[in-house]
Protein chains: 4
Amino acid sequence: MKRISLGMVGGGAGAFIGAVHRIAARMDDRFELVAGALSSDPARAAASAEELGLARSYDSFEDMAQQESLREDGIQAVAIVTPNHLHAAPAIAFLNAGIHVICDKPLTATAEDAAAIAAAAKASTARFFLTHNYSALPMVREARAMVADGAIGDLRLVQAEYLQGWLADDIAGTNKQADWRTDPARAGAGAIGDIGTHAWQLAAFVTGQTPSEISAELSSMVPGRRVDDDARVALRYASGAKGGLWVSQVAVGAGNELRLRIFGTKGSLEWAQEDSERLIYAPKDKPRQILTRVQDRSQSYRTPPGHPEGYLEGFANLYKDIADVIQGDEAVAARLPGLTDGLSGMAFIAAARESSDADGAWTKVKTA
Amino acid sequence: MKRISLGMVGGGAGAFIGAVHRIAARMDDRFELVAGALSSDPARAAASAEELGLARSYDSFEDMAQQESLREDGIQAVAIVTPNHLHAAPAIAFLNAGIHVICDKPLTATAEDAAAIAAAAKASTARFFLTHNYSALPMVREARAMVADGAIGDLRLVQAEYLQGWLADDIAGTNKQADWRTDPARAGAGAIGDIGTHAWQLAAFVTGQTPSEISAELSSMVPGRRVDDDARVALRYASGAKGGLWVSQVAVGAGNELRLRIFGTKGSLEWAQEDSERLIYAPKDKPRQILTRVQDRSQSYRTPPGHPEGYLEGFANLYKDIADVIQGDEAVAARLPGLTDGLSGMAFIAAARESSDADGAWTKVKTA
Amino acid sequence: MKRISLGMVGGGAGAFIGAVHRIAARMDDRFELVAGALSSDPARAAASAEELGLARSYDSFEDMAQQESLREDGIQAVAIVTPNHLHAAPAIAFLNAGIHVICDKPLTATAEDAAAIAAAAKASTARFFLTHNYSALPMVREARAMVADGAIGDLRLVQAEYLQGWLADDIAGTNKQADWRTDPARAGAGAIGDIGTHAWQLAAFVTGQTPSEISAELSSMVPGRRVDDDARVALRYASGAKGGLWVSQVAVGAGNELRLRIFGTKGSLEWAQEDSERLIYAPKDKPRQILTRVQDRSQSYRTPPGHPEGYLEGFANLYKDIADVIQGDEAVAARLPGLTDGLSGMAFIAAARESSDADGAWTKVKTA
Amino acid sequence: MKRISLGMVGGGAGAFIGAVHRIAARMDDRFELVAGALSSDPARAAASAEELGLARSYDSFEDMAQQESLREDGIQAVAIVTPNHLHAAPAIAFLNAGIHVICDKPLTATAEDAAAIAAAAKASTARFFLTHNYSALPMVREARAMVADGAIGDLRLVQAEYLQGWLADDIAGTNKQADWRTDPARAGAGAIGDIGTHAWQLAAFVTGQTPSEISAELSSMVPGRRVDDDARVALRYASGAKGGLWVSQVAVGAGNELRLRIFGTKGSLEWAQEDSERLIYAPKDKPRQILTRVQDRSQSYRTPPGHPEGYLEGFANLYKDIADVIQGDEAVAARLPGLTDGLSGMAFIAAARESSDADGAWTKVKTA
């Protein structure tokens, strides 16, 4: 099968998520990374491109979008792995150039940018994908399928958490990742944006429902920090279900404790990212079950159950499905996160802030 | 050592918590149950007393309080194990009679009753104990000692949960426990009172802090239920710490998932009732530790680590300490829950209701 | 219901297992401890008896057996909680006196003693119970019932382990428990007797099968130790099943890791003492299940699932059933460990030693 | 950095482990797969090669070895992913051609083949690597480093297990993997070879010691099966340490339960493949610790702790290190499994069979 030619914006030397995207694209050999605007610093961009063996390096994403769209062998898709405030401009440029966009989350740092991407996507023939990677893990997909099949009955309760401890101190000066993620100008939001959007998307992906209004308490626990590092959000669903979302980056001892618990009239499900290959299912009045991967429900996974796949394979599952969609198979498109997820995440951030600023007043979440 | 003669109000045939108190009182052989007013139905009271081999059975707690106080070999303490709305009258009667009171939680069903008990306790020479049993489990006490010793630094985050699933359906008609616990007149409150007060007391016991204001969302998920069966409460502490408390009795699949997580500037602690002999401690930037009982920190436990003690032993720890206090050893009094815990729990219930009625408005919690 | 009057041999001040038996006997209020020969030192026996409030203290078990059998209100049963080499003489004396015997495990320190007990039991109208306490835990009983019901099909594989770490160093001089347990004269055997018999009995209790021949490797890992502190035993069953039994007292870090795994043609079961309220069941080609207590299969347990019972409650379950049997209810007798278990344990110890001495040669296990 | 050109023998359509090797080689972009003799059936080889986009497809590995060694751009290394009995011939051919060999485990199906590979490796300028993938997982490497650093003191006890349940029934006729793995001619051995060698190598890799003699019991639990599907092996080390190794493919419910427990005079370590990112460390008389990845001990891993890497990443770690060695960095060579591991595994299989045939007689294990 012919590999899809891929470009990348951002992800030069020292970047974290760019390397993850590259591994994910490579995992199943469906993409070939051939072009990049890996850094806003041209020299560094060129050095990184050479290090990675890219065929074509550009000084700017604008050049890249223009020139690649003119080449016969130009890239078919581009991965955007820059900080949040630098998502919109390249996304729009490539959408305008008819090149598919694979964008890291959250969508953008501002509502204006989000709207601009939405407009560009609407006008483009190209597709827009947002890499909410956790939703591509096998047992998360299984949970979603089970909810859709009625395994838990009517949804009553949701609890979504994402706890990290790495920002328990002020390390912005010494840690590149911390630096931009705690800068309001570049990140747009703190924990609520960086990991809150993951928890928000995960809950919606699995339950098939999005809260209609929320009450939020955003906090900055570390003195001097300019963005939130802890957020508690109460959730109300139009269906009558209730829920909570709690994310923190000052939860000392936590690595990446993304965890979802949902309870319905007939059963409940529990899943945790750090033990991602197990899904706990409690049908009412019956013993709990420890579900693991079932190969025949999804032939796409690479190893049998009991040989754990993890974080990188989740990303790779997205890339694999994206490849299928780009090459014409629409069957998997429904499970791929995209613009709707991105806009919902931005609406969540906005409502959380509005509510928190109003001392937790219940606030409607805009729908896309 | 001479055993303390004990009486009991409530706890006749078919009652759950009365039997638990009796086992707890017997476990370490410090009490002898000699008298009872086990039921408001005299015939049933007498039959239950005979079944249990009690020396003296009374038709009413009033008679019991009066007559026992006149006997030379009268009871020194009484356990009150009636439904919540029937705590105050006997508690006051025995306090007035100079007999120590060991009362099941929550304190009462109404604020008025709580105030009346407080007044009686103040006027009495006898003591008042409230059986918040979970706070007497070894690793909970260890957690409290560690927090006091500075193991987690300054408190930042608290998450207390108590999830049950047994009331996921309307079973009031067929289950005696469910019947009174979902009746506003007898229970006073639903999940917020029955298990919410446990979570509230546990968090306060371990952290040494009580929230100053809360924002609550009480729900009744089961159609027709007249009390709350799910409650989410956001917590603000005067110290700047933030927290959440979530209790539910419709969490299908949950047995008694009381769980506390606390995070400070230097470390975190996590404990769960269903795995009560382990305490997870994460000192900042070091590996997590699985703490178990250390015999020399508390000689009082009955078995070496690795031979689990559980729910009944927690209750028995309370009774053992109460025996020590009654017999003159004040050293353990500080760790025993009592009137302050009871009043704090009532204030919590009241504030939670007030906040929930005001659409989650932040509401001050009265201090005792 | 009338309480059964109970005596005790051994279990004076400082003893561990005597206190456990007393709590177990007290837990459900079916026994009243009235007499004791608590120590071979008469002064200490008397002091311990007074401390415990016993009605009658004896200088020797011989006196106790004789005199109690003559009293109208004499004890109906006696608990023998002395070191292993002191089980036989009192057991025989009380059996001869027509008083039921509740004996701690292993049966004895020598084969001769075991045979003598067996003869006395045969000749007596009284019963003999052996306190293999773990087999009375709810989920162990559940496992046994499931195997009998065919839940795992035909048995293929057994793995029984009991790991402790407390004897990783030579502490005989400073630890009373270690002192007699590592003395060949008093203990008879080391780990193989102290905890090996537990693992052996547990496997037999659950599977309903006893190995027909074994190959053993007994080791003394601590320099100077005169008994085995680690034992590995391969098992062959007449049915064709195979297994392993591994016990150790030098497994640093282990508390009381008694664990049983059994695999059949249709499913498997896994249980661990330190998490005793859960039983993992894997039916073939279906998800694993986490089984917990089911109240209606056994009304006798004291708390609902999710409120853990533990080590003491296991012992108490034995005492409760023993009380039922003594008072005429034979229904539960089949699940109570007794002489057959004791003799099987002695045969196991003997075969293990014989095999180990013969460099692991496969050795038949005598049947009672 | 220039990618290493890689060839592959075996691994055509439908093969399992070939695909795993390809992902592993691709993960860190250090290899480029350019040539293959993917099947002994030339047409199928060609079709598979086209499907994978290989530059050069060969009808036989002999042709491939010869022609690639003549090309200037010939492959530098070859991955051999055929069934066990087809390892030796290609391995020797490529070693003779001066091309590095990356061979799947176990080394071969017969001792003769193993000796022949050893001779060829000795005579060759090329290197021989054996993909014992589990030993490349981060926490396994951490365990090895800790043992070497003295964290557990002197080794006393080892328990290595690898339990699978997928061969609980006779599925050879319908499952390609089962078919050759249960055929003595192609596999050489059953569970003892397929997974026993993994457990054997893992224990040796971590402890730094190899047993000097063993006593084994090999069984075939499934009627008609011609190879062992369950093996229990007792281990004696020259140092005085003792151990056990248990592998099974009829352990219903088990996925890939590779688990290692080791106990020394000062501490113990426990690791399980299905939870591979955690290592439990119990220093004597201190709380257990849950160790996770530490980035600065090994910069090579791709994600921060808390974002699980798994089975594929373990394989990829091998490929990454192999690339380093091939490109001249000897620093990591010591941790890479190779011929010594392979020969040790063959000696283990031979000794296990000899012992089992002699009714478990203790049998010396030949050293390479």
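Read the figures in this text as sums done on the coordinates, not as results from a lab. This is a predicted model, so every value here is computed, not measured. Cβ placement follows ideal geometry from the backbone for every residue including glycine, while neighbour counts extend to all protein chains displayed.
How many angstrom lie between the Cα centre of region A:227-241 and the Cα centre of region D:251-291?
For region A:227-241 versus region D:251-291, the Cα centre distance is 38 Å.
Place +1 on the Cβ of every Lys and Arg and -1 on the Cβ of every Asp and Glu in chain B, take the dipole about the Cα centre, and give the residue among B:ILE80, B:GLY306, B:SER356 whose Cα lies farthest towards its positive end.
Going by the charge dipole, the pick is B:GLY306.
Kirkwood-based Rg over Rh for chain C (C-alpha set), two decimals?
Looking at chain C, the ratio lands at 0.96.
Can you tell me what share of the DSSP beta bridges in chain A is antiparallel? A percent to the nearest 5 is fine.
60
Each label point is 7 Å from the Cα along the Cα-to-Cβ direction; what then is the distance between the points at D:THR367 and A:GLU213, in nm?
The answer from the label model is 7.7 nm.
When the label point is put 7 Å from the Cα of A:ARG226 along its Cα-to-beta-carbon vector, which residues of region A:93-137 have a backbone N closer than 20 Å?
In region A:93-137, the label zone of A:ARG226 (backbone N under 20 Å from the point 7 Å along Cα→Cβ) covers A:106, A:108-113.
Sequence neighbours fewer than 8 away in the same chain don't count; with that in mind, list the aspartates and glutamates whose C-alpha is under 17 Å from D:LYS122.
Within the straight-line limit of under 17 Å, D:LYS122 reaches these aspartates and glutamates: D:GLU112, D:ASP113, D:ASP341.
Mind checking the dipole of region D:279-345: about its Cα centre, +1 per Lys or Arg Cβ, -1 per Asp or Glu Cβ, Debye to the nearest 20?
For this selection, approximately 420 debye.
Farthest toward the dipole's positive end in region C:244-316, which of C:PHE263, C:LEU245, C:PHE315, given Cβ charges of +1 (Lys, Arg) and -1 (Asp, Glu) about the Cα centre?
So the residue furthest toward the plus end is C:PHE263.
For region B:18-96, how big is Rg over Rh, using alpha carbon atoms and the Kirkwood form of Rh?
Looking at region B:18-96, the ratio lands at 0.93.
Quickly work out the B:ASP179-to-A:SER40 label distance, labels modelled 7 Å from Cα along the C-beta direction, and quote it in nm with one decimal.
Result: 7.1 nm between the two label points.
Which parts of region D:215-249 would a label at D:ASP170 reach, counting a residue when its backbone N lies under 20 Å from a point 7 Å out along Cα-to-Cβ?
Those under the cut-off are D:219-231, D:249.
Which value in deg cm²/dmol, rounded to the nearest 500, describes the helix-derived mean residue ellipticity at 222 nm for chain B, given -39,500 (n - 2.57) per DSSP H run of n ≥ 4 and division by the residue count?
Taken over chain B, the calculation gives -10000 deg cm²/dmol.
Using only C-alpha atoms and all pairs of different ones, pull out the Kirkwood radius for region D:54-135 in Å with one decimal.
12.8 Å is the Kirkwood radius here.
Would you look at the GNM of chain A, springs on alpha carbons closer than 10 Å, and say which of A:GLY14, A:GLY196, A:GLY98 moves the most?
Checking each option, the largest mean-square fluctuation is seen for A:GLY14.
Pairs to check: B:LYS2/B:LYS320; A:LYS266/A:LYS286; A:LYS242/B:LYS105; A:LYS105/B:LYS284; B:LYS286/D:LYS286. Give those whose C-alpha atoms are more than 19 Å from each other in this structure.
As for pairs spanning more than 19 Å Cα to Cα, those are A:LYS242/B:LYS105; A:LYS105/B:LYS284.
Give the average, rounded to an integer, of partner chain Cβ atoms located within 10 angstrom of each Cβ in C:241-252.
On the way: counts 2, 9, 3, 8, 0, 7, 0, 5, 0, 6, 7, 16.
Whole-number average of other-chain Cβ neighbours for C:241-252 is 5.
Which FRET efficiency value, to the nearest 0.05, do you get for D:SER69 and D:ALA115 by plugging their Cβ-Cβ distance into 1/(1 + (r/R0)^6) with R0 = 30 Å?
E(calc), rounded to 0.05, equals 0.80.
Please state the equivalent ellipsoid semi-axes for the protein assembly as shown: what are the square roots of 5 times the Cα gyration tensor eigenvalues, largest first, in whole Å?
Numbers: eigenvalues 655, 407, 115 Å².
Here the semi-axes work out to 57, 45, 24 Å.
Quick one: putting +1 on the C-beta of Lys and Arg, -1 on the C-beta of Asp and Glu, what dipole do you get for the protein assembly as shown around its Cα centre, in Debye to the nearest 20?
Working: 148 positive and 184 negative charges, 1 e Å.
Computed about the Cα centre, the dipole is about 0 debye.
So, with +1 on the Cβ of K and R and -1 on the Cβ of D and E, and no other charges, what is the size of the charge dipole of region D:4-130 about its Cα centre, to the nearest 20 debye?
320
Taking H placed 1.01 Å from N in the peptide plane, check which residues at least 5 places from C:TYR58 or on another chain put their amide H under 5 Å from its amide H.
For C:TYR58, whose amide H was placed from the backbone, the distant partners under 5 Å are C:GLY36, C:ALA37, C:LEU38.
Over chain A, with a Gaussian network built from C-alpha contacts below 10 Å, which listed residue (A:ALA172, A:ALA79, A:ALA316) shows the highest mean-square fluctuation?
A:ALA172
Over all distinct Cα pairs, what is the inverse of the mean 1/r for region D:214-301, reported as the Kirkwood hydrodynamic radius in Å?
Roughly 15.9 Å, rounded to one decimal.
Lys/Arg Cβ at +1, Asp/Glu Cβ at -1, dipole of chain A taken about the Cα centre: which of A:GLY12, A:VAL147, A:ALA185 is farthest positive-ward?
A:VAL147
Rounded to two decimal places and with Rh computed the Kirkwood way over Cα pairs, what is Rg over Rh for region B:1-140? Before the final figure, lay out each step's value.
Working: Rg = 14.1 Å, Rh = 14.9 Å.
That ratio equals 0.94.
Taking Cα pairs under 8 Å and at least six residues apart, what relative contact order does chain B come out at, in percent?
RCO, chain B: 18 percent.
Could you work out the relative contact order of region A:78-129, using alpha carbon pairs under 8 angstrom and six or more residues apart, expressed as a whole percent?
Reported as a whole number, the value is 42 percent.
Peptide C:144-157: average number of partner chain Cβ atoms within 10 Å per residue?
Average neighbour count from other chains, rounded to a whole number: 2.
How high is the relative contact order of region D:4-130, in percent, counting Cα pairs under 8 Å that sit 6 or more residues apart?
Worked out over region D:4-130, it gives 23 percent.
Wrap a convex hull around the Cα atoms of region B:225-368, take a quarter of its surface area, and give that in square nanometres.
12.2
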